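Okay, structure first, notes after.
The values are calculated or read from the model by the stated rules, or taken from the named source; none is laboratory data. The structure presented is a predicted model; accordingly, all values stated were derived computationally and were not measured. Note: ideal-geometry Cβ built from the backbone for every residue, glycine included; neighbour counts use all protein chains shown.
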Amino acid sequence: MIELIKPILPEMILFFGACLVLLLDVFQKFVDHLMNLSSVLLVLCIVAIVLGVPDGVYYHNLCVISMFTGLFKIALLTLALFQFLATSFLMDKYALNKNEHSVMVLFLIVGACVMVSANHLMLLYVGMEIQALAAYTLVVMQRKSEYSAEAGVKYFILGSLASVLYLLGASYLYGAYNTLYLHEIITAIKAGSTLGGLGSILVVSAFLFKVGLFPFHQWVPDVYQGAPTPSTSIISTLSKVTAVAVVLKLICGLFYDNKSLDTRWIFSAIAILSMIVGAVVPIVQTHMKRFLGYSSIGHAGFMLMGIVNIHVVGVSSIIAYVLIYSLTLMMTLICLMSLKDKREPDEERNDLELSKLGGLSQVRPKHAFMLAVCFLSMAGMPPLIGFFPKLLILQYIINQGQMLLTVFAIITTVISLFYYLKIIKLMYIDMPTKQSIGISVNVNMRLLWVFIPAVIIQLLGCYIPILQTIYVQYVTPAAETLIIGTNEKIYS
Amino acid sequence: MIMAAAVLWIPLIGSCVAGLISFFNQRTMDDVAKLVTCMCMGVSALVALDLAYDVIIAKKIVHGEMLSWIPLDDHHKITWGLYVDSLSAIMAAVVTCVSFMVHIYSLGYMKGDKSIARFMSYLSLFTFFMLFLVMSDDLLQLFLGWEGVGLSSYLLIGFWFHKDSANAASMKAFITNRIGDMGMVLGIVGCIAVFDSVSIPEILLKLTTFDEAFFRLTDHLTINAYTFICISFLIGAMAKSAQFGLHVWLPDAMEGPTPVSALIHAATMVTAGVFLLIRLSFLFEYAPSVKTAIVVIGAITALFAAVVGLFQKDIKRVIAYSTCSQLGYMFMACGVSMYSAALFHLVTHAFFKALLFLSAGSVIHAMSGEQNMRKMGGLYKHIPVTYALVWIGSLALAGIPLFAGYYSKDWILESLYGYAMDGGSIIPYIIGLSSAFLTAFYSWRLISLVFHGDCKADERVQSHIHEAPMIMLIPKVILAVGAVFSGIALVGFFTSSQLISGAYVFTEIEHHIPGLIQVLPIMVALSGIALAVSVYHTQRNKLAIWLVRFKRASAIIQSGFAVDEFYRKAFIKPLQWLGSFLYHHIEKGLIDRYGPNGFALFISRLSGALRYLQTGNVRDYAIVMIAGLMGMLGYVVVVIK
C-alpha cells in the first residue's frame, strides 16, 4: 500500500493535511495555531520529496518524478513556507479567514504539484483546474470587498477561457496523434501536422495566460490589484512558478528539435511585446500592486527570451530567473503587507497608492530600505541577486545571436530601471505628504526576523560561489532532465 | 641624497600641518601653523644652501630614485627620482631662501587675516612644488611640479576669494597656463616618441646617437622632431615665464596678497620657464631656429613690458611689468646660448625683485591698502627704511655698478653684443639697451611718484602712514644684502666654465668687448635715471600736457597695448558664441530634444496610449486574447505550413 502511494506522498500529505486544517478550523480552540500546522505540513512535504522515490515514471506513465519536478515542487513549498512564516502575524489585519486562506494555499500547491509532474494532458488539466479554483477562491477571499469580487470574476471568466483553449488544443492533439500522453505526442509531433501544430500552440497558450504574457496579460494588473495582498503574493509567485514550469515542460517537449514547427518568431514577438508592455505601462501607474502586476508582465517576457532557442543553458537561466524573481516579488509584497496598520477592508483598493509611499524612509526606514533593496534587485542591479538571472539570460541570447531580442531586452530593462528608481526616489528623496503613511502604530520587532534574512538573501549576490554551486548542482541538472527527458529513454 | 630629499619634503610637512589646522578651522592654532611653516622653510633653506655648497664645490651630481611610479617593463619605468646638479642646487637655494624671507614677511603682512594658516599652507605648498620641479630627474615628474606650481598660484592669486577680481585673475592665470601646459605635454610626448624615454639624463645620453629625427605629418610634410619638441617646450616656458603673448596673466596676478606676488615673481613661478630652457638647453642647441625664436620673443617681451611699465598707475603693476621685461632678458640670454648668464640674472633678479615687491607691500601697508601711485607722494619722511630699500632694489634693477643687477645684466648685454658680432642681428642688443634705459626710467618714476612730491592721499590715510614692523623689515634687509652683494660675490663663480654640469657643454666664446660697449649700459641707465628725475621733479606740468595730448595712445599703452582686448575679441567672444550656439542649438535643441528627452517623451506617450487598451472590461480582454491567439494560429497555418 505505502509503495503504491509513495510517488504521490507529498501531494497526499498536503491534501489530507489541508482537509485536517479545514476540519480543525471549526473548533475555535485551535484557530491560532493552524497556520503553524500548515507550515509543518509544508516542511513534511519537502521532506517527503527529498526522501521520495527515485526518478522515473509511475502509474502507467501518468506521473513523472525527476530532478526538474523535485526542484519546482521544493521551490513552491519553500515559497509558501516563507510566506506563512513571514505573514502569520500580519494576517489579522486583513478581513479574511486566515485558516481558510492557508487551506486554499495548500490546495493550490496540490494542484501545482500535479501539474508539474503530470505526463498526461488530462491529468495536467485536472491539476490546472485544482490550482486555478484555489486561486479564484483566494482572490475573492475578502468577501465584503467589491473590488475583490470584481477581480475574482474577471480572473474566473478569463481563466475559463484559457481552460477552453487548453481543452480545444488537447482535443486537436488527440485528433492528430490519437493519444493524450505527453511523451507519445512529443514523439509523434516531430512528423509534423497542421492540426498538431495548432493544438500545441493552443495548449501552450493556456499556460502563457497563467504566466501573464502578451496578449494574455490583461488580467494580471486587475487581479493583482483587486485581490487582498496575501493572495496577490501567492498568485503572483506560486501560480507563476507553476505555470513557468509547465510552459518549459511543454515547449521543451513540443518544439525542441522540431523542424516542422518553427515557433521562434512567435515566442520572440510575445517576449518583445510583453517586455514593452512591462516597461512602458508601469510608468503611469499610481497603484503599487497594479504597478507590480505590469512589471511582472515585463519580467515574464524577459524570461521567455530564454526559450526562443531551446537549449539547456536557456532553460536553466529561466528556472533561476523565475525562482529569484518570485522570491523577490514575494519579499516586496510581504513588505507592503507589513505597511498596513489596522483592519480597513473598504479601503483595500486604495491602501497601496504610490503616493502613500512618499517620504517613507523618514517614517519607516526599515520598510523603505527593504523595498528599495527589492526594487533594485528586480531592476537587476548588482550585487543583489536579481542581477544574475538577468545576466544569464542576456548572456544566453547574445551567445545565440538573437540581436533583436537583446536590443529590446536592454532598452526595456533601462526603462524599467527608471520606474523602479522613481519609487525609490519617492521613498527616499521626497518629503512625506498628507497622503503618506504615518509612523507605525505598533512597532513589531518580529518584522526584523523577516527583513534581515530577506536582505541577506538579496545580498547573496556578493558571494557568487554559493549561487554558482546551487546553479550548477541543482538548476542545470533539472534543465538537463527536461531536455533529455524528451527522449524516450525513461519511458517504459 | 638625504639632504636633497630633506630640502624637498620638509616644506610639504609644514604645508600639511598648516593645511590641517586651517581645514579644521582651529584659529587658536594659527600660531602653531605660522611657526611650523616658517621653521620648516628655514630648515629647508639652510639645508638647501649646504646642498648647493656641496654640489657646486665638490662638483658632484646627486641622483637617486625614491619610488617606482609607472613601471611599464624592464626598459621603460618611470620613477620618482631626485636629480640635483649645480643648476638644481642653485635654483633650490634661491627658491628656499626667497621663500623663507617671504614666509617671515607674511607673518607681519597677513597679521590679523582670519585664514592665515591656509595662506601659510599654500605658500609652503607653492615652494614644495617648485622644488619638486627643479629637482626632478624626468620630464613627467617635472610636469607634475609644473602643474603643482600652476595649482598653487591659482590658490594664492585667488586667496581673497570673496573678491570677484581675485577670482577672475586666478582663473586667468590658470587658463593661460593651460596653453603652456599643452605645449609641455606635446614636448614630453615628442620626447617619448623620439627618445623612448622621459628621463632627462637618459635623453641627454641618447641625444648623441640621434643626429636627425623627423615627425611625419602627412605624406609630404615632415617636421624636424627637435624643432617640434623645442617649440612645444618653448610654448610651455612662455606661459609660465609670462613672455609676450602669454603674459596677460601676470599683471592681473597682482590681485593676490603682496607676498604672493613676491614669491611668484622672484622665485617660484615665472622662473620655471627659464629653468626649463636651461634644463633642456642641450635639446635647444639642436634646434637653432627655435633659439632664434627665443631671442625674438625675449626681445619683444623686454621692450614691450618696459614700455607698458612706464604708464602704469598701480605700484605693483609697475613692478610686475618690470619682471616681465627682465624675463625677456633671460630669454634673450638663453636664445644666444648664454645659459649661465640667464641663470645668473635669475638669481640676482630673485633678490632685488623680492625686495622691491616686499617694499611695495610695505608702502601699500603704510597707505592703508592704496595701490595707486598717483595718490601717493612724499612718503620718504614717514617710511625712511623702506625708502632706502626701494633705492637699493631700484639701483640693482637698473644695473648700476656694484649692485647685483649690474653684473648679470651687463653680462647679458655683452652676450647680445657678441651675438651681433658673430653674425647675428644687432637689434636684440639695441632692444636690450633701450629696455635698460626704460627700466631705469620707470624705476625712478616710481620712486618720484611714491616717495617725493606732495602726498595726495586723504587725511585719514595720511594720519595712518607708518613704517612697517620689524618682522616685515628684517626679511627685506636680508634681501637687500642679497641685492647688493649677490652679484659681486657670485660673478666669478658664474663666469667660470661648465657651470651647468651634466648638460651640454658649450663653448662660451670670449669676445673682445670694446671699452665703449662696456660702459654703454651704465651710461644708458644713468641717463634714464636722470631723465626720470628731471621729468618728475621739474617738468611735471609739461608731462601732464603731453599726456593729455596723447591721451589715446597713453591709454592704449597703459592697457598693455590692448592685448587683453584683442584676445577678448579674437578668441573669447567667438568661443563664447560657439559655446552658446552648441549649447542652445546642438545640445539642447538637437541632442536633448530628440535624444534623451525625446525618447522619454515617446515612452510616456506610448505608456499613456497602451493604458487605454486596459479598459477594465472583460469582453475587451477576451477579444485581445482571442485576437492574439488568432495571430499565432494564423502564423502556424500560413507561414509554417
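Annotation: A:THR194 fulfils all but one of (1) touching a residue at least 60 places away in the same chain (Cβ under 8 Å); (2) touching a Lys or Arg at 6+ places or on another chain (Cβ under 7 Å); the unmet one is (1). The set of residues from segment A:204-232 being facing another protein chain (nearest Cβ under 10 Å) and of a type in the set (S, T, N, Q) comprises A:SER205, A:GLN218.
Only a single criterion out of (1) out of contact with any Phe, Trp or Tyr (no Cβ under 9 Å at 6 or more places or on another chain); (2) within 30 Å of B:MET330 (Cα to Cα) is not satisfied by B:GLU370, namely (2). For first residues located in segment B:379-396 and within 15 Å of B:MET470 (Cβ to Cβ), partners that are polar (S, T, N, Q) and buried (at least 22 other Cβ atoms within 10 Å of the Cβ) and lie 6+ apart or on another chain with Cβ distances below 9 Å form the pairs B:ILE383/B:SER362; B:VAL385/B:SER362; B:THR386/B:SER359; B:THR386/B:SER362; B:LEU389/B:SER359; B:LEU389/B:SER362.
The residues listed here are B:ALA350, B:ALA341, B:ALA305; of these, the one that is modelled with pLDDT under 90 and crowded, with 24+ Cβ neighbours inside 10 Å is B:ALA341. How many residues does segment A:189-209 hold that are buried (at least 17 other Cβ atoms within 10 Å of the Cβ) and either of a type in the set (A, V, I, L, M) or touching a His at 6+ places or on another chain (Cβ under 6 Å) (or both)? Number satisfying all stated conditions: 8.
Counting residues in segment B:543-558 that are in contact (Cβ under 8 Å) with a residue 60 or more places away in the chain, more than 14 Å from chain A (Cβ to nearest Cβ) and at positive phi gives zero. Which pairs have Cβ atoms under 6 Å, sit 6 or more apart or on different chains, and link a residue in segment A:147-168 that is more than 10 Å from chain B (Cβ to nearest Cβ) to one that is among the aromatic types (Phe, Trp, Tyr)? That search, which allows pairs on different chains as well, returns A:GLY152/A:TYR136.
Restricting segment B:154-172 to residues that are out of contact with any Gly (no Cβ under 8 Å at 6 or more places or on another chain) and in a helix (DSSP H, G or I), the residue that is nearest to B:PHE571 (Cα to Cα) is B:LYS172.
Residues in segment B:559-578 that are of a type outside the set (Ser, Thr, Tyr) and in contact (Cβ under 8 Å) with a residue 60 or more places away in the chain: B:GLY560, B:PHE561, B:VAL563, B:ASP564. Contact map, segment A:304-330: residues that are closer than 15 Å to A:THR237 by Cβ paired with residues that are in a loop (DSSP other than H, G, I, E, B) and of a type outside the set (Gly, Ala, Ser), Cβ distance under 8 Å, separation 6+ or inter-chain. Pairs shown: A:ILE324/A:ILE385; A:THR328/A:ILE385. Applying the condition of being of a type in the set (A, V, I, L, M) and over 23 Å from A:TYR325 (Cβ atoms) to segment A:234-265 and asking which residue is surrounded by the most Cβ atoms within 10 Å (Cβ to Cβ) yields A:LEU254. Among the residues of segment A:369-397, the one identified as β-branched (Val, Ile, Thr) and farther than 20 Å from A:ALA300 by Cβ is A:VAL373.
Listed here are the residues, each with its yes/no results for (1) in contact with a Gly (Cβ under 8 Å, 6 or more places away or on another chain); (2) part of a helix (DSSP H, G or I).
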position: B:MET3; (1), (2): no, yes
position: B:VAL7; (1), (2): no, yes
position: B:CYS16; (1), (2): no, yes
position: B:GLY19; (1), (2): no, yes
position: B:ASN25; (1), (2): no, no
position: B:ASP30; (1), (2): no, yes
position: B:LYS34; (1), (2): no, yes
position: B:MET41; (1), (2): yes, yes
position: B:LEU49; (1), (2): no, yes
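Each residue in segment B:18-50 was checked for being within 26 Å of the chain's Cα centre (by Cα) and of a type in the set (Val, Ile, Thr), and 3 pass.
Only one of the numbered conditions (1) closer than 21 Å to B:HIS265 by Cβ; (2) in contact with a Phe, Trp or Tyr (Cβ under 9 Å, 6 or more places away or on another chain); (3) among the hydroxyl-bearing types (Ser, Thr, Tyr) is not met by B:SER68, and that is (1).
Restricting attention to segment B:245-263, does a residue exist that is part of a helix (DSSP H, G or I), modelled with pLDDT of 90 or more and farther than 30 Å from B:LYS114 by Cβ? Checked segment B:245-263: no residue is part of a helix (DSSP H, G or I), modelled with pLDDT of 90 or more and farther than 30 Å from B:LYS114 by Cβ.
With a requirement of 3 or more residues that are free of Cβ contacts under 8 Å to residues at least 24 places away in the same chain, the helices (runs of 4 or more DSSP H) lying completely within segment A:1-113 that satisfy it span A:2-5, A:9-24, A:34-50. If you go through segment B:449-471 and keep only what is touching a helix residue (DSSP H, G or I) at 6+ places or on another chain (Cβ under 7 Å) and either modelled with pLDDT of 90 or more or part of a loop (DSSP other than H, G, I, E, B) (or both), you end up with B:HIS452, B:CYS455, B:LYS456, B:ALA457, B:ILE465, B:HIS466, B:GLU467, B:ALA468, B:PRO469.
In this structure, does B:LEU582 turn out to be more than 10 Å from chain A (Cβ to nearest Cβ) and loosely packed, with under 13 Cβ neighbours inside 10 Å? No: the conditions fail for B:LEU582.
The residues of segment A:49-96 that are under 21 Å from the mean Cα position of the chain (by Cα), of a type in the set (Phe, Trp, Tyr) and closer than 21 Å to A:LEU124 by Cα, listed by number, are A:PHE68, A:PHE72. For A:SER338, are the conditions met, namely being within 17 Å of the chain's Cα centre (by Cα) and of a type in the set (S, T, N, Q)? Considered against the rule, which asks whether it is within 17 Å of the chain's Cα centre (by Cα) and of a type in the set (S, T, N, Q), A:SER338 comes out as no.
Quick test for you: out of A:ILE234, A:ILE186, pick the one residue that is in a helix (DSSP H, G or I), under 30 Å from A:TYR59 (Cβ atoms), hydrophobic (A, V, I, L, M, F, W, C) and modelled with pLDDT under 90. None of the other options fit; the residue is A:ILE186. Of all residues in segment B:337-375, exactly one satisfies the criterion of being under 21 Å from the mean Cα position of the chain (by Cα) and among the charged types (D, E, K, R), namely B:LYS353. When segment B:594-641 is limited to residues that are among the charged types (D, E, K, R), part of a helix (DSSP H, G or I) and touching a helix residue (DSSP H, G or I) at 6+ places or on another chain (Cβ under 9 Å), the one that is nearest to A:GLY278 (Cα to Cα) turns out to be B:ARG611. Take B:GLY589 and decide whether it is within 14 Å of another protein chain (Cβ to nearest Cβ), more than 30 Å from B:VAL248 (Cβ to Cβ) and small (Gly, Ala, Ser). Against the criterion (within 14 Å of another protein chain (Cβ to nearest Cβ), more than 30 Å from B:VAL248 (Cβ to Cβ) and small (Gly, Ala, Ser)), B:GLY589 does not qualify. Restricting segment A:233-266 to residues that are of a type in the set (Phe, Trp, Tyr) and within 12 Å of chain B (Cβ to nearest Cβ), which is nearest to A:VAL280 (Cα to Cα)? That would be A:TRP265. Taking segment B:616-641 as the range and being basic (Lys, Arg) and either in contact with a Pro (Cβ under 6 Å, 6 or more places away or on another chain) or more than 7 Å from chain A (Cβ to nearest Cβ) (or both) as the test, only B:ARG619 passes. Within segment B:40-60, can you find the residues that are in contact (Cβ under 8 Å) with a residue 12 or more places away in the chain and surrounded by fewer than 16 Cβ atoms within 10 Å (Cβ to Cβ)? Hits for segment B:40-60 are B:ASP50, B:LYS59.
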